[in-house]
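Taken together, the values in this text are just the output of simple stated rules run on the coordinates, not laboratory data. If you're wondering where the values come from, they're calculated on a predicted model, not measured in any experiment. Because the Cβ atoms are built from the backbone with ideal geometry, glycine has one as well, and the counts that use them run over all protein chains shown.
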2 protein chains.
Amino acid sequence: FYENKLYGVFYKFQPIDLIRKYFGEKIGLYFAWLGLYTEFLIPSSVVGIFVFLYGCITIESDIPSKEMCDQRNAFTMCPLCDKFCDYWNLSSACATARASHLFDNPATVFFSIFMALWATMFLEQWKRLQMRLSYFWDLTGLEEEEDEKDKLTWNDRIPGYAANCGLILFMIMLTFSAVFGVIVYRITTAAALSFSTNETTRSNVRVTVTATAVIINLVVILILDEIYGAVAKWLTEIEVPKTEKAFEERLILKAFLLKFVNSYAPIFYVAFFKGRFVGRPGHYVYVFDGYRMEECAPGGCLMELCIQLSIIMLGKQLIQNNLFEIGIPYLKKLFRKLKDGRTEPKEMNTNQSKDPQQWDLDYSLEPFTGLTPEYMEMIIQFGFVTLFVASFPLAPLFALLNNIIEVRLDAKKFVTELRRPDTVRAKDIGIWYNILSGIGKLSVIINAFVIAVTSDFIPRLMYQYAYSQNGTMHGFINHTLSYFNVSHLKAGTQPENSPFAQDVLFCRFKDYREPPWSPNQYEFSKQYWAVLSARLAFVILFQNLVMFLSVLVDWMIPDIPKDISEQIKKEKSVLVDFFLKEEHEKLKLIESFITRDKHKQKSGTKDQKSRSASFCQFDRSQKGSVASFSSQHTEV
Amino acid sequence: FYENKLYGVFYKFQPIDLIRKYFGEKIGLYFAWLGLYTEFLIPSSVVGIFVFLYGCITIESDIPSKEMCDQRNAFTMCPLCDKFCDYWNLSSACATARASHLFDNPATVFFSIFMALWATMFLEQWKRLQMRLSYFWDLTGLEEEEDEKDKLTWNDRIPGYAANCGLILFMIMLTFSAVFGVIVYRITTAAALSFSTNETTRSNVRVTVTATAVIINLVVILILDEIYGAVAKWLTEIEVPKTEKAFEERLILKAFLLKFVNSYAPIFYVAFFKGRFVGRPGHYVYVFDGYRMEECAPGGCLMELCIQLSIIMLGKQLIQNNLFEIGIPYLKKLFRKLKDGRTEPKEMNTNQSKDPQQWDLDYSLEPFTGLTPEYMEMIIQFGFVTLFVASFPLAPLFALLNNIIEVRLDAKKFVTELRRPDTVRAKDIGIWYNILSGIGKLSVIINAFVIAVTSDFIPRLMYQYAYSQNGTMHGFINHTLSYFNVSHLKAGTQPENSPFAQDVLFCRFKDYREPPWSPNQYEFSKQYWAVLSARLAFVILFQNLVMFLSVLVDWMIPDIPKDISEQIKKEKSVLVDFFLKEEHEKLKLIESFITRDKHKQKSGTKDQKSRSASFCQFDRSQKGSVASFSSQHTEV
């Protein structure tokens, strides 16, 4: 069993039965679940890699990014900030456009349908595995904890609930303001760096700002995660739940809600809100005096979403899972050793002479704090793998790499770093299953929106089949850019020190708006509404198609594996036969006693006869009850 | 029990337990289900009546219908057919517009959300009632039928499956062509009646055509329903299912698919397709040479959908359920009596002298043909109540009225008209539950589309909040009508004999298209796309909101009633105690035998001792197995 701690055995099956024997069913189920999840990540990683490769291969034949990079297409873009930014040429954003294509291609649509079905399939298979384990581990009859009898009145609970709702709302607000803080940081830093006289600083504004902002986001998430864990625990204690199980469930729900919002708020912002409230040239939206709302890079927000996702996901995994899980316990141990060494130096000396006993060694280990953090980490990762998979097909691969380490790391931690936990029986993974299935359902609608709204998939389709002159993608970039008459720029916002300000009559910006020469200048154009209709129609189509397929998958895979259900049936009939046979034998045995008695004593007392008769009668009634009992409970 | 046949007892509870004792569990479950469904129809009928009353009350304050009826608003509409139809004034469609408002108001939106939650609640409550019944009727242990051992190979099955798919497709095509036939009938009759010289005929064209067409639809549905029932049965026989249960399930699935398509195809056509492929003045879509595609009435298609729904629903219920269910068996009985009377006149005479025996009377009854038609009828009705409830809030009321009769009619039929059916045990309503839950899910998306696409709800909202000058609905009718320059009418399609053809320069038609003076004349206008976006956004919002609420309802109502689950737990612990106590008593009894033997015989034989020892050992092992057995099966 100690082999477990070696990373080299990652390709071997986990010894689930041994884990169960040593740690109990609850931890056994966790490792079984983790194992199945990791196994399921393999096919999705492979498909994800293929989708990514498809993007790489087709990058050369992608007409829109070619058009963007073509130096001859001189699209003069409107300045990105007031006063200090100059007009710029679209071809300078060539690299971003090419990178966007890696994730913004038709294969991604296929991949997100695949991942939605993958999630359904995973949940179904887990149900089956759980059924199998609970059969082999004899858990089917496990009783739920009894509810307490004396209930708290509604009045006792109101303060707790009120504090709960209030604090959870406050925490969520805190998360949102952290996200907003980072946005403000991005806007102000970008503006500040634009003033810079240093040429290199100015040309790398976007990269510098994005990178630092994401890192700030990550740090905020890591800090708030720790705070939220403590707050959720405190809030659940206030509620005074009736049983241990109820306590755990409520704690998990609260902690999950807070950590989910915390982890995903910045990602949601980039996916669905960033760049949508910018306004338009001449009529920008200002956050503070003089600071414009931030826009997405010219390649679309999808690229930024992808960067955000990958850095937060990888950072969280590396820092939280590996550094925190190994580093902090190690530091704690070290600290305790040092303290022990300082306060009890004499005892230590006497102990050192003989070999330390096992309990001495075990005492120096960290106490076990429950499975909740382990599950939480994996569920949040499951969210990264399913929720935004349309924007980052490599997520399953990174999750897989992390988990291969994680399985062994957890095992090593449980075996060598922690005191042996009390064994707890459990027949399923409890509320985590509901959370997983909720994430699975949420992922369908979120992926539909990512593809429809964040990516350029729909506008491209629309252009190719509705607006293009010759059915090709040529001219797509030109079609997505609106015209702006530079003389309509508000006074004081025109670019200063622009070398070619004199030559520019119109600048372009990415939006579907009426040109300056239209009677309704700068209003949303007909194309805008038509593309929006197509986007929304895609969401409806995608969501209903995927939901239908999921129901189909759910319906086709039976919840109880066939061999197990047959085994259970067989056992039941064997048991009934056994009972009946035994009754029969007992009856015969008693009769033999009685006849022998009669034989020996010739005249039996009345008392004796009636006693044996009542015994036999009792026996018969019992036989009936066994039959009815077994027939009543064959349906598990 | 014979009370049942009296309609006067409709307000009393059904004697479900007696039904079960007399007819068996399967029919008992049917009546229990029907009872619960009918009970659930009561609140939805009440809410439906309120929604209808809301429409009636607000009809006077509805500005769009007032504007349509106002004689001073002279909207000259484009002719409804080529050549023979004249320009007409919109105010002549006043009555339809007012009637539309009855069903096309904001209360309907609320009602369809209510009905979606109602369906979820109904299914949850049925699960609980089923659990309760199967507990009290001792059905939890009912074994599924064993599968047959020798399987047919894939090759044996291919012809059957192929015939199946082919014929089902053919049948569905048949339904569609029937629907199309009725459309053609409507178009040609409308055109023919327009030629008529009779003034009254011409003014009532729409009413005449709609009424006759719906009745034809109804007759076609009734005929095809009978054919499809027979075809489904034959198709299932071809498939050679393994067990009786598999046969029934496949038959039901096929029959349901065919009858569902048959009943709803014309309704789907009116809801989502009618009036959408008309083209525009000057560029109409023609079905055949000279026959234009049909349009909806100026009040919108919702009114027509409502008429279609109510006539088909009421007609189906009255004719199929009551006439067929009572009339046909009665006629059959009469026919058989007559035949019997003719062929066996002598025997009858001899029998008439003495009182006829019960078996003679029973022989004259119809044989029982299964519950499938009863369920089918109710499930199709459930579809009418949920699928298009947005367009016809009174559907639950009509269903309720039908069912109050139906429950007693079925009871009377089962008791007095049919031979007593073989009792069959069943622990649930089987595949019908899945079909019900499927209809519930489908109803969410269909209602979303009815509200968004068929009704005028979204255009009104859009007008009020986006286009209206002063935030009121004034001018809405004008906004929804596009202009058409009559000189653009193709030669030969202009109205002949029009008294005011000389004065008309522009006629109006209901659509969002660019006016004749725009550069892109008659193209879809920006409003069209904006309204379309709003409609689709509404569908997404509605669907996800309702699905979320349904999941919440599902989650909040536990599947097993609390008293039942506690009862089951208690029984199990009593049973285990009983086993253990009895074992103990038996052990004591045997010991007393042995000690008595010893006492009396002083020296017992070795043989005897070992026998009793082995008995005790056996006993102990049994005790263990009872405990493990009961612990393994407490989870029902």
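Once the Cβ-Cβ distance of A:Phe335 and B:Lys569 is raised to the sixth power relative to R0 = 51 Å, the FRET efficiency obtained is 0.55. Computed across region B:432-543, the Kirkwood hydrodynamic radius from all distinct Cα-Cα pairs reaches 16.9 Å.
In terms of packing, defined here as the mean over residues of other Cβ atoms within 10 angstrom, the peptides A:537-547, A:563-573, A:260-270 line up highest first as A:260-270, A:537-547, A:563-573.
Helix A:526-556 and the longest principal axis of the Cα set of chain A meet at an angle near 20°. Residue separation of A:Val285 and A:Ile311 scaled by 0.36 nm, minus their Cα-Cα distance, works out to 6.5 nm of gained length. Principal axis analysis of the Cα atoms in region B:351-467 yields extents of 87, 30, 15 Å, listed in decreasing size.
Which value in deg cm²/dmol, rounded to the nearest 500, describes the helix-derived mean residue ellipticity at 222 nm for chain A, given -39,500 (n - 2.57) per DSSP H run of n ≥ 4 and division by the residue count? Working shown, then result.
Details: 21 runs with 404 residues, N = 636.
-21500 deg cm²/dmol, from helical runs alone.
How high is the FRET efficiency from A:Val219 to B:Ser468, r the C-beta distance, R0 41 Å, rounded to 0.05?
0.25
Per residue of peptide A:535-545, the mean number of Cβ atoms on other chains within 10 Å of the residue Cβ is 4.
Working from label points 7 Å from Cα in the Cα-to-Cβ sense, the A:Ile158 to A:Ala211 distance is 5.7 nm. Sorting A:115-122, A:76-83 by their mean Cβ neighbour count within 10 Å, with the most densely packed peptide first, gives A:115-122, A:76-83.
Taking Rh as the Kirkwood radius, which is the inverse of the mean 1/r over Cα pairs, what is the Rg/Rh value for the protein assembly as shown? Let's see the in-between values first.
Values: Rg = 38.6 Å, Rh = 37.4 Å.
Reported Rg/Rh, Kirkwood definition of Rh: 1.03.
Pairs of Cα atoms nearer than 8 Å and 6+ residues apart set the relative contact order; for chain A it is 24 percent. The length gained by stretching the chain between B:Phe277 and B:Leu36 to full extension, at 0.36 nm per residue less their Cα-Cα distance, is 82.5 nm. The listed peptides B:97-103, A:37-43, A:549-555, ordered by packing as a protection proxy, come out as B:97-103, A:37-43, A:549-555 (highest mean of other Cβ atoms within 10 Å first). Take each residue of peptide A:411-418, count the partner chain Cβ atoms within 10 Å of its Cβ, and average: the result is 0. Derived value for chain A: Kirkwood hydrodynamic radius 29.9 Å. Basis is the mean of 1/r over every pair of different alpha-carbon atoms.
Among the listed pairs A:Lys127/A:Lys441; A:Lys588/B:Lys581; A:Lys26/A:Lys441; B:Lys26/B:Lys242; A:Lys254/A:Lys332, give every one whose C-alpha distance is greater than 23 Å.
Working: A:Lys127/A:Lys441 17 Å; A:Lys588/B:Lys581 21 Å; A:Lys26/A:Lys441 26 Å; B:Lys26/B:Lys242 21 Å; A:Lys254/A:Lys332 27 Å.
Among A:Lys127/A:Lys441; A:Lys588/B:Lys581; A:Lys26/A:Lys441; B:Lys26/B:Lys242; A:Lys254/A:Lys332, the Cα-Cα distance tops 23 Å for A:Lys26/A:Lys441; A:Lys254/A:Lys332.
Other protein chain C-beta atoms within 10 Å of residue C-beta, averaged over B:523-532: 5. Spin-label pair B:Lys598-A:Trp359: with each label point 7 Å from Cα along the Cα-Cβ axis, the two points sit 4.3 nm from one another.
Between B:Lys21 and B:Glu226, the simple label model (points 7 Å from Cα in the Cβ direction) yields a spacing of 4.0 nm.
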